[in-house]
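The values are calculated or read from the model by the stated rules, or taken from the named source; none is laboratory data. Note that the structure is predicted; figures quoted are calculated from it, not measured. Positions of Cβ are backbone-derived with ideal geometry, glycine not excepted, and every protein chain shown enters the neighbour counts.
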Amino acid sequence: MKNFLAALWVETLKTRRSKVPFFTALGFLILPLVGGLFMIILKDPEAAKSMGLISTKAQLTAGTADWTSFFGILSQGVAVGGAILFAIITAWVFGREFSDRTAKELLALPTSRESIVGAKFVVVAVWTFGLSLLIFGLGLVVGYWVVIPGWSVELFQSATVGVLGSALLTIALLPFVALVASMGRGYLPAFGWAILTVALAQIVAVTGWGDWFPWAVPALFSGAAGPRAELLGTHSYVVVLLSGFIGLDATFHWWRDADQAR
């Protein structure tokens with residue numbers, strides 16, 4: 001336990017002294033701000049055109065200016081945008097030492113590899129879920145400021161499940177990103193993996209098998225393709241959790257047994 005706490009302190013210190021948390025938060029904050037802009041436009045498209053917010057040639061044929069639509073934007077943004085942004089964070093946490101060529105020095109410390117990997121996963125989980133909470137909280141502020149109609153306590157409770165549930169499902173699949181970053185000894189392989197899974201998720205969802213493909217489940221849960229109750233079943237959450245555990249075990253196994261001479 002002492003070794004794990006020491007590793008966690010080091011990983012936290014590296015993260016806190018880096019500019020990556022600031023820029024990831026700044027990038028993710030665009031989501032509720034853009035959602036608020038869409039609500040302003042949808043509330044009065046003609047006024048938005050006269051203000052120059054959209055082109056006079058723009059045709060807005062979908063969506064309504066209400067809390068249901070706004071929360072849908074947040075949920076889908078966390079599920080789809082989070083799949084990329086969270087992968088970037090995970091790739092940085094697990095691939096930094098390899099890119100900086102300090103992995104050998106890290107592993108030479110009198111701290112078990114399991115403690116190092118566990119600390120990295122804790123940092124990733126706290127970081128990504130914290131970003132999700134930040135986005136949800138800012139979304140509430142933006143929605144209140146824009147004066148979006150249709151608020152209700154029941155809708156807020158449902159949206160909390162939708163946004164944070166989408167975030168948790170996305171986070172549960174990050175161990176595979178960590179595994180690819182470790183095996184690829186850097187950032188780029190993990191970025192490629194993230195793009196591949198997002199693309200495959202779109203294809204599989206279109207074919208109707210998204211409920212069985214782990215990387216499609218967060219987007220389907222967010223309501224991107226319709227009510228989640230009609231698209232997902234218990235097996236969908238099982239395959240996500242199973243995939244997450246497999247990724248965790250494989251990452252721990254790789255760090256424990258792989259040759260780290262390079």
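Listed by first and then second residue, the pairs with beta-carbon distance under 8 Å, at least 6 apart or on different chains, first residue in the stretch 10-35 and more than 17 Å from Gly139 (Cα to Cα), second of a type in the set (S, T, N, Q), are Pro21/Thr15. In the set Trp209, Trp255, Trp215, only one residue is over 19 Å from Ala119 (Cβ atoms), of a type in the set (A, V, I, L, M, F, W, C) and in contact (Cβ under 8 Å) with a residue 24 or more places away in the chain; that residue is Trp215. Restricting attention to the stretch 214-254, the residues that are closer than 19 Å to Ala178 by Cα and aromatic (Phe, Trp, Tyr) total 4. The set of residues in the stretch 1-31 that are outside any helix (DSSP H, G or I) and under 22 Å from the mean Cα position of the chain (by Cα) comprises Ser18, Lys19, Leu29. Looking only at the stretch 110-131, residues that are under 8 Å from Ala7 (Cβ atoms) and either at pLDDT below 90 or not in a helix (DSSP H, G or I) (or both) come to 3 in all. The criterion of at least 2 residues that are hydrophobic (A, V, I, L, M, F, W, C) and either loosely packed, with under 15 Cβ neighbours inside 10 Å or at pLDDT below 90 (or both) is met, among helices (runs of 4 or more DSSP H) falling completely within the stretch 146-229, by 153-172, 188-207. What do you reckon, is Phe94 farther than 30 Å from Ala190 by Cβ, modelled with pLDDT of 80 or more, assigned to a helix (DSSP H, G or I) and not β-branched (Val, Ile, Thr)? No: the conditions fail for Phe94. Looking only at the stretch 117-145, which residues are under 19 Å from Asp66 (Cβ atoms) and exposed (fewer than 13 other Cβ atoms within 10 Å of the Cβ)? Val141, Tyr144, Trp145 - these are the residues of the stretch 117-145 that are under 19 Å from Asp66 (Cβ atoms) and exposed (fewer than 13 other Cβ atoms within 10 Å of the Cβ). Considering only the stretch 176-194, I want to know if a residue exists there that is free of Cβ contacts under 8 Å to residues at least 24 places away in the same chain and of a type in the set (Ser, Thr, Tyr). No; the residues of the stretch 176-194 include none that is free of Cβ contacts under 8 Å to residues at least 24 places away in the same chain and of a type in the set (Ser, Thr, Tyr).
Only one of the numbered conditions (1) more than 17 Å from the chain's Cα centre (by Cα); (2) buried (at least 16 other Cβ atoms within 10 Å of the Cβ) is not met by Val34, and that is (2).
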